[in-house]
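Undergrad: Got a structure here, written out as structure tokens. Questions coming.
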Amino acid sequence: MEENSNNNLLNNPSHPLSRRPNFRAVVYGGIVLLMIISFSIGIVVGVNKKIADSGTSAPEVGRVINTDSLPDYLTKDVNFKLFWKVWDTIKNKFIDKNQLTDAQLFYGAMAGVVDSLGDPYSVFLNPQTSEEFSDELNGKFEGIGAEIGIRNNQLTIISPLPESPAEQAGLKALDRIIGIDGLETTGMSLDQAVSLIRGDKDTEVILTVTRDGLNESKEIKIIRNTIKIISVNWTDKNGIAYVKLTNFNSDTSAKFLEVANEVINSSPKGVILDLRNNPGGYLETAVDIAGYWIKEGQVVVREEFSNAEQNQEYVSNGKGQLADFKTVVLVNGGSASASEIVAGALQDYQLATVVGETTFGKGSVQELENLSDGSAIKLTIARWLTPYSRTIDKNGIQPDFELKLTEEDINENKDPQLDKALEIINQE
């Protein structure tokens, strides 16, 4: 891809590679969406896509140095001879050495370098995987309809999408995936898991999961299908506007404007913004939605880099049309990225009361760099903070009123979190 065309992608907020916060894997079956917050503004992570062209397909070894005479704490360089020693040993002694290729070893080594960071969202993509990833960004919306991430070193469901095959099969937010079609997931990367879970319409995948409250693991069979996403809708609950936001997609801002106008015209007692099981979306969308409460010029989210000079602030361009309505935001462990940005911002400015459970804690930003041979690096380069500089990543947003939704509540069609939100708004 030419560098100019790459810049055009970054300047096009509707393109899947436009700026978004934290990376999330959206398992639509055939699609893995990278979102830095566009958010899922969450995961409006925007993927900053850059071209890193070394002009050569082979690694540059550089100078070889020995540091045996220096104590470990003074050793700033590494002895690259060790790398070539391992390379040669494998080439000469491995039992199946005749089946090895230099490309296999080379790409495996680079994957190991990235993996050594210990960050589940940073990954090396060999040329084939990188091409598949790019294809998926513009591919079919077919699959199980669930967002997955890494939590406590375990593959975890961030949330099943509403009315998706995953939800209909019984998959729930915070389910821990311990097996995919009988394959153990211990040590499995996020991208590898996504590649195994995705698939074409009408095909089956079996996920083995554990969850809090279950004494043993459970197998869930899911038939992949076309995924339809309705990101915004609202209903009137006895004079209170209940707005359900399922994703922060490219079309969500326009739809939310329609909903907001209808809500304002109904003159409600208050507004409930339900972000439960909302895994995020585009950063621009998150900032837009927050702007219905946060007035123009106020910070919605902060982006923190290792180099403080690169730190950025994303401010509202909104008019705060809903700021005068008493507002409650509903969240749970499936609320991630963009959802956490909006909930955290409204909480910081005391524009809403947050009710439910601590959010997922996905607030890191990934950058995608394409390399000259068709491979790519997806690397975590920044973190998202709330306006008052609370770190979202790994911490999540703590609710003002913590209420859990139990299996019993679900089975009996009860919703104590929503009941609490209605109670808060009805209070004088």
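Just so you know, all these numbers are worked out from the coordinates, no wet-lab data involved. Keep in mind it's a predicted model, so treat the numbers as computed, not measured. Positions of Cβ are backbone-derived with ideal geometry, glycine not excepted, and every protein chain shown enters the neighbour counts.
Undergrad: Mind checking the alpha-carbon convex hull of region 151-211 and giving the volume per residue in Å³?
TA: Convex hull of Cα atoms, per residue: 83 Å³.
Undergrad: Percent antiparallel among DSSP beta bridges with both residues in region 320-398, to the nearest 5? Kindly include the intermediate steps, with their values, before the conclusion.
TA: On the way: 8 of 12 bridges.
Percentage antiparallel, nearest 5: 65.
Undergrad: Grab the Cα-Cα distance for LYS269 and ALA308, subtract it from 0.36 nm times how many residues apart they are, and report the gain in nm with one decimal.
TA: Values: separation 39, 0.36 × 39 = 14.04 nm, distance 4.32 nm.
The span from LYS269 to ALA308 would gain 9.7 nm if fully extended.
Undergrad: Further question on the same structure: What is the ratio of the Cα radius of gyration of region 115-228 to 2.2 N^0.38 Å, where N is its residue count, to two decimals?
TA: 1.05
Undergrad: Using a/c under 1.5 as the rounded threshold, could you call region 277-428 rounded, prolate or oblate? The axes a ≥ b ≥ c are square roots of the C-alpha gyration tensor eigenvalues, and prolate needs a/b larger than b/c, oblate otherwise.
TA: oblate
Undergrad: Moving on. Starting with the fewest neighbours, write out SER116, SER189 ranked by other beta-carbon atoms found within 10 Å of each beta-carbon.
TA: Sorted ascending by nearby Cβ count, the order is SER116, SER189.
Undergrad: Now, a different point. So if I take the centroid of the Cα atoms in region 176-211 and the same for region 217-258, what is the distance between those two points in Å?
TA: 24 Å
Undergrad: Once you put a point 7 Å from the Cα of GLU412 and another 7 Å from the Cα of ASP212, both along the Cβ direction, what distance in nm separates them?
TA: Placing both labels 7 Å beyond Cα along the Cβ direction yields 1.9 nm.
Undergrad: Among the GluC sites (Glu not before Pro) within region 181-285, which fall in a DSSP loop and have no more than 15 other Cβ atoms within 10 Å of their own Cβ?
TA: Counting only loop positions with at most 15 other Cβ atoms within 10 Å, the GluC sites (Glu not before Pro) in region 181-285 are GLU216.
Undergrad: Ranked by Cβ crowding within 10 angstrom, fewest neighbours first, how are LEU196, LEU190 ordered?
TA: Listed from fewest to most nearby Cβ atoms, that is LEU196, LEU190.
Undergrad: Now for a separate question. Work out, step by step, the length gained on full extension between ASN238 and ILE90: first 0.36 nm times the residue separation, then minus their alpha carbon distance; give nm to one decimal.
TA: Working: separation 148, 0.36 × 148 = 53.28 nm, distance 7.08 nm.
Using 0.36 nm per residue and subtracting the Cα-Cα distance, I get 46.2 nm.
Undergrad: Can I ask one more? Exposure proxy check: TRP84, TRP384, TRP293, TRP234 ranked by fewest other beta carbons within 10 Å?
TA: In increasing order of surrounding Cβ atoms, one gets TRP84, TRP234, TRP293, TRP384.
Undergrad: Sticking with this one: Taking loop as defined by DSSP and a crowding limit of 16 other beta carbons within 10 Å, which trypsin sites (Lys or Arg not before Pro) in region 204-290 fit?
TA: Answer in residue order: ARG211, LYS228, LYS269.
Undergrad: Which percent of the Cα-Cα distances in region 369-415 go past 18 Å? Please report the intermediate quantities before stating the final value.
TA: Values: 685 of 1081 pairs.
Roughly 63 percent, rounded to a whole number.
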